[in-house]
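J.: First the structure, then my questions, so here it is.
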Amino acid sequence: MQWGQIKTLFILSFLILDLFLLQQFLTKQEEAQVGTLQDSMFDESPAENNVEISGDVPEEAPEVSFLIASLSDFTENQLEAIRDLTDQNAQVFNENLLVSTLAEPVAIEDDEEVISEVVREYVPFISQYSYWGWNEQRNKILFFQTTNTRTVYYNSGGVLMVDVEDGQMTGYQLTQLREDEEDSGDERELLEPVDVIDILYEDQVITTGDEVTDMKIGYYSAATFDPTQVFAPIWKITVNGEEDLFVNAVTGEGRMLDIDEDEFIQATSEYFMELMSENSEGVISNEANEREADNDENSSEEEEE
Amino acid sequence: MKVETLKSIILVILIGFSLLLTVGLWYYQPEYESAEDGDSLIDETSIEGEEVEISSLIEPDQFILHLDGAHYSFRTPADTRLTFNDMRNWKLTGLTTTENREPQFNEGNWVELSFPTRIPSKMIPELFNVESDNEVPSGQFNRMFITFNTNGAELMFASDSESSAAFSASIGPDDADQLVDSYSDEELLAEQTLFAGDEDKRIYIPKDRVTVQEDSVETARIDILPLKNELFPDSPVVNISEGSTNEQRLTDNSRRLETLANGNRMEYTKLTPNTSEVQRALNSYDLLERSVNFINTHEGWTDTFRLSELNPSNSSIVYNMYFNDIPLLSSADDVHRIRLEYDGDEEQRYVRPLRDFDPSYPNPNEVELPGGEDVAAFLVDSRQYNVNLIEDIKIGYTITPQSQNYQQVYDLIPVWFVKENGNWKEINELSSSSGEGGVAHAVGTN
């Protein structure tokens with residue numbers, strides 16, 4: 001019958017259509033797979049057989065977002081804590097820079113434990129800062145602020161700088177950063193530790209026989225004196241247990257950062273001096289406060305009289 | 001009947017399968033492309049200027065015809081440009097380094113071109129057609145001498161730098177005739193005088209009073225957002241606006257972009273120095289090429305710019321704005337030039353105007369400026385200027401807002417400029433608002 005013939009025709013044409021669609025579907029699927037395959041292709045690492053890598057170095061990079069933080073004013077609670085400081089003349093300039101001189105210099109040794117212990121006694125909210133090192137050249141001990149469990153390296157906005165004279169701690173300056181909550185951005189994939197070591201090896205910063213003893217993610221911003229800064233995640237690479245190198249950890253950047261500690265201390269000291277001279281009025285001080293309190297009492301008594 | 005039922009079932013299955021596959025294909029497609037979408041979403045990075053070729057940024061700023069002992073140049077700067085454009089088609093043969101640093105002037109006529117800065121010799125094949133398989137000898141030039149002979153003409157590319165070699169090449173009779181033709185019409189020429197008789201500096205200025213076209217331009221603000229997209233890669237950026245809303249500062253962890261002068265100018269700075277020890281300072285050709293490519297990527301040639309300074313020793317390069325082939329040499333907010341500095345092969349500093357000038361606004365005024373002899377006499381007598389320090393003298397534009405007009409219209413006023421220590425200074429004493437009595441005024445101050 002005619003209807004039977006039409007059906008046969010339909011069956012044939014649908015069969016062809018189905019085959020075509022199936023082929024289309026498979027190619028599409030294949031393309032998608034090829035795309036992901038290419039991403040995960042990797043080359044041989046040039047540093048692999050030449051540089052020793054310690055077991056402390058993480059295998060993989062964590063996903064970390066950029067950090068946006070501002071030089072922060074001290075909170076009321078913090079100011080209260082500063083007013084209660086004893087055995088020192090502590091002053092807060094511009095509500096964000098704490099400068100203190102100890103009444104009596106305290107002897108310290110070049111030992112992280114000892115320094116931390118001594119400093120803890122005199123400096124408020126010390127838990128926010130982690131010990132970095134003693135710069136003998138400039139007579140300063142540096143502590144860097146820690147945010148999100150990661151250290152912000154070499155930033156004038158989040159540093160504790162301890163003055164040292166003849167092996168004695170004489171005073172300190174302190175600033176703090178606070179993270180801007182609105183926009184911290186998405187978490188980024190970072191350069192893998194192996195890639196970072198390759199970069200350093202190819203730039204001949206580390207050579208055959210060196211050992212990478214530690215690698216850590218921290219934050220760094222070059223715009224160190226800006227009130228609000230963007231901090232990029234960076235890798236801190238410790239070579240042979242003594243030398244620290246910094247590499248921008250954002251994929252596509254992978255650039256070594258040239259940080260001069262002496263220069264940093266110099267610039268930061270100047271920056272603090274500037275802040276102090278510009279904001280010589282409205283200084284909050286632990287001693288002045290005591291006096292002020294006395295004055296207030298006196299004046300109120302006088303008024304009553 | 002049974003066969004028919006079977007056929008029906010098969011048909012239904014096939015139809016169903018085709019529907020399934022179609023839906024599957026559709027469903028698969030958007031998922032695949034949306035993943036791509038996120039990555040390929042392109043932010044605007046063009047500030048809607050133009051892209052240019054390097055050679056188009058190079059023009060001579062002096063075109064001197066030495067005819068029978070007297071010096072001439074084209075009366076209008078446009079003719080200089082047109083003549084040089086014809087010269088770009090020249091076929092150069094036998095381009096080589098030459099020992100002679102001074103051209104051999106015969107009795108006859110010769111032509112001299114000078115350029116605002118030293119140009120790398122590698123540009124010669126891009127400016128002209130060079131018929132040679134050999135590599136271009138390295139060096140620089142800022143002057144071109146053309147001497148005629150029976151077979152056409154000899155070209156010489158020379159530099160005022162002691163260390164640089166000179167280059168010679170030849171052109172055929174057709175090209176030489178074409179150059180002679182271009183200045184055969186005496187009406188187009190104006191006699192020049194050599195400033196202070198100084199054969200080393202070779203500053204030629206028109207002898208008699210000159211009439212120069214005034215001009216007016218409308219301006220539009222250039223949006224900073226495409227530049228931000230171009231200059232900052234995919235990282236968060238903080239924006240700090242201080243005072244007026246037109247001045248803002250964008251910073252990320254290693255770069256800063258500031259808008260200055262009420263938003264009329266921008267300055268981009270890379271905050272982290274380049275540490276790679278492999279990198280070296282760019283040579284002058286690479287500096288030129290890289291800077292042009294960089295500005296091309298965001299179509300940054302918003303007006304007519306020409307190369308005015310190229311300094312490989314400090315890796316800096318400056319492009320100056322031109323209107324009617326006359327340079328704009330001074331502006332209140334320094335919006336007349338683009339400056340780029342390099343650290344290794346990276347842009348270290350980029351300063352550019354955020355104003356786009358549209359020269360179509362009509363202004364029929366003409367200004368008559370004092371002649372070169374009066375200018376020279378003034379400069380020699382003036383206590384303000386030391387003739388030995390003068391590097392160049394030129395007519396350029398200054399830009400001033402049209403006071404009565406509330407739209408952003410600016411007037412371009414031609415005045416005499418003197419270059420000392422690399423800076424152009426307006427000779428105020430010789431400017432005149434009416435275009436009349438400039439000399440009288442100048443004489444009056446003496």
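The values are calculated or read from the model by the stated rules, or taken from the named source; none is laboratory data. What you see is a predicted model; the values in this text were computed from it and never measured. Cβ coordinates were reconstructed from backbone atoms using ideal geometry, including for glycine residues, and neighbour counts include every protein chain displayed. For accessibility, only protein heavy atoms count, side chains too; no ligands or nucleic acids. Shrake-Rupley method; radii C 1.70, N 1.55, O 1.52, S 1.80 Å.
J.: Going through the stretch A:227-244 one residue at a time, which ones are of a type outside the set (Ser, Thr, Tyr) and either open to solvent by 10 Å² or more (accessible area, probe 1.4 Å) or away from chain B (no Cβ under 11 Å) (or both)?
T.: The answer is A:Pro227, A:Trp235, A:Lys236, A:Ile237, A:Val239, A:Asn240, A:Gly241, A:Glu242, A:Glu243, A:Asp244.
J.: On the basis of being farther than 13 Å from A:Ile265 by Cα, of a type in the set (Ser, Thr, Tyr) and open to solvent by less than 20 Å² (accessible area, probe 1.4 Å), does A:Thr170 make the cut?
T.: no
J.: While we're here: Can you find a residue that is part of a strand (DSSP E or B) and free of Cβ contacts under 8 Å to residues at least 40 places away in the same chain anywhere in the stretch B:348-370?
T.: No - not one qualifying residue is present in the stretch B:348-370.
J.: Hey, another quick one. State whether one or more residues within the stretch A:217-224 are hydrophobic (A, V, I, L, M, F, W, C), open to solvent by 30 Å² or more (accessible area, probe 1.4 Å) and farther than 30 Å from A:Glu59 by Cβ.
T.: Looking through the stretch A:217-224, none of the residues is hydrophobic (A, V, I, L, M, F, W, C), open to solvent by 30 Å² or more (accessible area, probe 1.4 Å) and farther than 30 Å from A:Glu59 by Cβ.
J.: A follow-up question, please. In the stretch B:201-213, what residues are open to solvent by 20 Å² or more (accessible area, probe 1.4 Å) and of a type outside the set (Lys, Arg)?
T.: B:Pro206, B:Asp208, B:Val210, B:Thr211, B:Gln213
J.: Further question on the same structure: Of everything in the stretch B:134-144, what is outside any loop (DSSP other than H, G, I, E, B) and surrounded by fewer than 22 Cβ atoms within 10 Å (Cβ to Cβ)? Give them in sequence order.
T.: B:Asn142, B:Arg143 - these are the residues of the stretch B:134-144 that are outside any loop (DSSP other than H, G, I, E, B) and surrounded by fewer than 22 Cβ atoms within 10 Å (Cβ to Cβ).
Residues checked against (1) assigned by TED's automatic domain parsing to the domain that holds B:Arg88; (2) more than 20 Å from B:Leu82 (Cα to Cα); (3) surrounded by 15 or more Cβ atoms within 10 Å (Cβ to Cβ):
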residue	(1), (2), (3)
B:Glu154	yes, yes, yes
B:Ser164	yes, yes, yes
B:Ala169	yes, yes, yes
B:Gln178	yes, no, yes
B:Asp181	yes, no, no
B:Asp185	yes, no, no
B:Thr193	yes, yes, yes
B:Glu199	yes, yes, no
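J.: Could you list all residues from the stretch B:323-337 that are surrounded by fewer than 22 Cβ atoms within 10 Å (Cβ to Cβ), within 15 Å of the chain's Cα centre (by Cα) and assigned to a strand (DSSP E or B)?
T.: B:Phe323, B:Ile326, B:Arg337
J.: Just need a number here: residues in the stretch B:237-257 that are surrounded by fewer than 16 Cβ atoms within 10 Å (Cβ to Cβ) and more than 14 Å from chain A (Cβ to nearest Cβ).
T.: 4
J.: I'd like to verify a number: residues in the stretch B:40-81 that are surrounded by fewer than 14 Cβ atoms within 10 Å (Cβ to Cβ) and either among the aliphatic types (A, V, I, L, M) or outside any loop (DSSP other than H, G, I, E, B) (or both), how many?
T.: Qualifying residue count, the stretch B:40-81: 5.
J.: Something else: If A:Ser40 meets every condition in (1) more than 10 Å from chain B (Cβ to nearest Cβ); (2) modelled with pLDDT of 75 or more apart from one, which number is that one?
T.: Unmet for A:Ser40, out of (1) more than 10 Å from chain B (Cβ to nearest Cβ); (2) modelled with pLDDT of 75 or more: (2).
J.: If you don't mind, there's one more thing I want to ask. In the stretch B:268-300, what count of residues is obtained for those that are open to solvent by 40 Å² or more (accessible area, probe 1.4 Å), touching a residue at least 40 places away in the same chain (Cβ under 8 Å) and more than 10 Å from chain A (Cβ to nearest Cβ)?
T.: 9
J.: Of all residues in the stretch A:188-216, which are open to solvent by 10 Å² or more (accessible area, probe 1.4 Å) and in a loop (DSSP other than H, G, I, E, B)?
T.: Result: A:Glu189, A:Leu191, A:Glu192, A:Asp203, A:Gln204, A:Val205, A:Thr207, A:Thr208, A:Gly209, A:Asp210.
J.: Next question, about the same structure. Quick check on A:Val99: is it crowded, with 20+ Cβ neighbours inside 10 Å and modelled with pLDDT of 90 or more?
T.: yes
J.: Let me ask something additional. Do we find that B:Asp234 is within 14 Å of chain A (Cβ to nearest Cβ), open to solvent by 20 Å² or more (accessible area, probe 1.4 Å) and without any contact (Cβ under 8 Å) to a residue 60 or more places away in the chain in this structure?
T.: yes
J.: Further, regarding this structure: Give B:Ser360, B:Ser403, B:Ser313 a once-over and let me know the one that is of a type in the set (Ser, Thr, Tyr), under 26 Å from B:Arg202 (Cβ atoms) and surrounded by fewer than 18 Cβ atoms within 10 Å (Cβ to Cβ).
T.: When all the criteria are applied, what remains is B:Ser313.
J.: I need the strands (runs of 3 or more DSSP E) fully contained in the stretch A:137-187, keeping only those with at least 3 residues that are more than 12 Å from the chain's Cα centre (by Cα).
T.: A:140-147, A:159-165, A:168-174
J.: Checking B:Arg383 against (1) basic (Lys, Arg); (2) open to solvent by less than 20 Å² (accessible area, probe 1.4 Å); (3) part of a loop (DSSP other than H, G, I, E, B), only one condition comes out false. Which one?
T.: (2)
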